[in-house]
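One structure is given here, and the rest of the page talks about it.
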Amino acid sequence: MKWFGLSRVRAVKEKIDWNSPTPKHIAIMMDGNGRWAKRRGLPRSAGHYAGMQTMRETINMCHRNGIDSLTLYAFSTENWKRPKDEVDYIISLVGEFVQDTNVQELNENNIRVFFIGDISRFPEETQEAMRKVVGLTYNNSGLKIFFAMNYGGRSDILQAARSMLETNKGKEITEEEFERFLYTGQNPCPDLLIRTSGEKRLSNFLLWQSAHTELWFTDEMWPDFSEELFYQSILDYQNRKKRA
Ligand code: FPP
């Protein structure tokens with residue numbers, strides 16, 4: 001489906017002036033997998049599987065276009081409330097993602113992987129797989145991917161406050177100092193945050209980090225997120241910055 005409309009993709013891409021501001025760090029709320037599947041009479045797992053393919057394509061688009069960082073909301077602290085089968089399925093996709101062939105592709109593309117969130121709640125073998133892909137891509141210096149897993153903006157702020165009080169007893173507290181303790185650490189905050197599926201909320205994603213971020217929404221469900229939409233979001237970001 002994504003191969004259709006190549007000329008439309010080119011038309012949007014050609015409008016972007018790559019010498020003017022473009023987002024260096026993009027964050028994405030990959031929403032709508034369940035609805036995408038339901039509309040096709042498929043189980044929700046089929047939506048998550050299709051969502052993972054779109055995620056892979058999006059990672060490659062970011063790599064090809066010289067984006068510095070990509071943060072993906074893959075599993076929120078609220079997602080544990082879903083049926084166990086669905087939770088287990090999403091978790092199993094992580095194992096699938098870090099299979100050797102995929103890691104090889106990440107390394108060929110110089111992509112480094114991080115996980116943000118409290119990963120200690122995941123099964124031991126999942127944590128093992130996460131640590132493995134983090135370790136195997138450690139030396140890469142290109143695109144950084146931050147998978148937000150068991151991540152919540154409020155719990156991020158809370159864990160940062162706790163760690164900072166523990167580490168910096170009696171020291172002055174500044175925004176810069178506090179930021180060091182967030183899961184995202186000293187990495188720059190997102191310039192552009194994309195949410196698919198028509199919802200227009202932050203849903204506890206990167207609450208501190210998105211203070212100055214441009215928000216961009218599309219009604220398309222995540223599995224239908226396309227190259228055309230990717231470039232459109234960058235173009236809109238650029239036009240907003242030109243007006244500012
Ligand atoms: C939101 O759609 C999507 C998720 C909760 C899961 C997203 C996960 C992936 C795309 C794969 C993750 C893989 C790795 C390797 C981290 P939804 O289910 O909330 O959709 P709905 O709102 O239509 O129900």
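The values are calculated or read from the model by the stated rules, or taken from the named source; none is laboratory data. These numbers come from a predicted model, not from an experiment. A quick note on method: Cβ atoms are made from the backbone with ideal geometry, for glycine too, and the neighbour counts reach across all protein chains shown. Only protein heavy atoms, including side chains, enter the accessible area calculation; ligands, DNA and RNA are left aside. Shrake-Rupley method; radii C 1.70, N 1.55, O 1.52, S 1.80 Å.
Within region 1-91, considering only helices (runs of 4 or more DSSP H) that don't extend past its boundaries, which have at least 3 residues that are within 11 Å of the ligand (Cβ to nearest atom) and small (Gly, Ala, Ser)? Outline the logic, then answer.
Values: elements: 6-15, 33-39, 44-64.
In region 1-91, the matching helices (runs of 4 or more DSSP H) lie at 44-64.
In region 214-244, how many are touching a helix residue (DSSP H, G or I) at 6+ places or on another chain (Cβ under 8 Å), farther than 15 Å from CYS62 by Cα and open to solvent by 50 Å² or more (accessible area, probe 1.4 Å)? Show your work before the answer.
Within region 214-244, the subset touching a helix residue (DSSP H, G or I) at 6+ places or on another chain (Cβ under 8 Å) is 214, 216, 218, 220-228, 230-232, 235.
Next cut, farther than 15 Å from CYS62 by Cα only: 214, 216, 218, 220-224.
Imposing the further condition that a residue be open to solvent by 50 Å² or more (accessible area, probe 1.4 Å) reduces the set to 220.
Final tally of qualifying residues: 1.
Being among the aliphatic types (A, V, I, L, M), free of Cβ contacts under 8 Å to residues at least 40 places away in the same chain and open to solvent by 50 Å² or more (accessible area, probe 1.4 Å) is true for just one of LEU182, LEU165. Which residue is that?
LEU165
Picking from ASP118, ASP100, which residue would you name as being more than 20 Å from SER69 (Cβ to Cβ), acidic (Asp, Glu) and exposed (fewer than 13 other Cβ atoms within 10 Å of the Cβ)? Spell out the reasoning first.
On the way: ASP118 fails: exposed (fewer than 13 other Cβ atoms within 10 Å of the Cβ).
None of the others qualify; the one that does is ASP100.
Going through ARG40, ARG35 one at a time, which residue ends up being within 27 Å of LYS200 (Cα to Cα), touching a residue at least 40 places away in the same chain (Cβ under 8 Å) and basic (Lys, Arg)? Walk me through how you get there before you give the answer.
Values: ARG40 fails: touching a residue at least 40 places away in the same chain (Cβ under 8 Å).
Of ARG40, ARG35, the one residue that is within 27 Å of LYS200 (Cα to Cα), touching a residue at least 40 places away in the same chain (Cβ under 8 Å) and basic (Lys, Arg) is ARG35.
Please enumerate the residues belonging to region 154-182 that are among the hydroxyl-bearing types (Ser, Thr, Tyr) and over 15 Å from GLN209 (Cβ atoms). Spell out how you get there, then give the answer.
Here is the first cut: in region 154-182, the residues among the hydroxyl-bearing types (Ser, Thr, Tyr) are 155, 163, 167, 174.
Hits for region 154-182 are SER163, THR167, THR174.
Quickly run through region 121-147 and pick out the residues that are closer than 12 Å to HIS63 by Cβ and surrounded by fewer than 19 Cβ atoms within 10 Å (Cβ to Cβ). Before the answer, list the steps.
Initially, region 121-147 is screened for residues closer than 12 Å to HIS63 by Cβ, giving 140, 142-145.
Scanning region 121-147 gives ASN140, GLY142.
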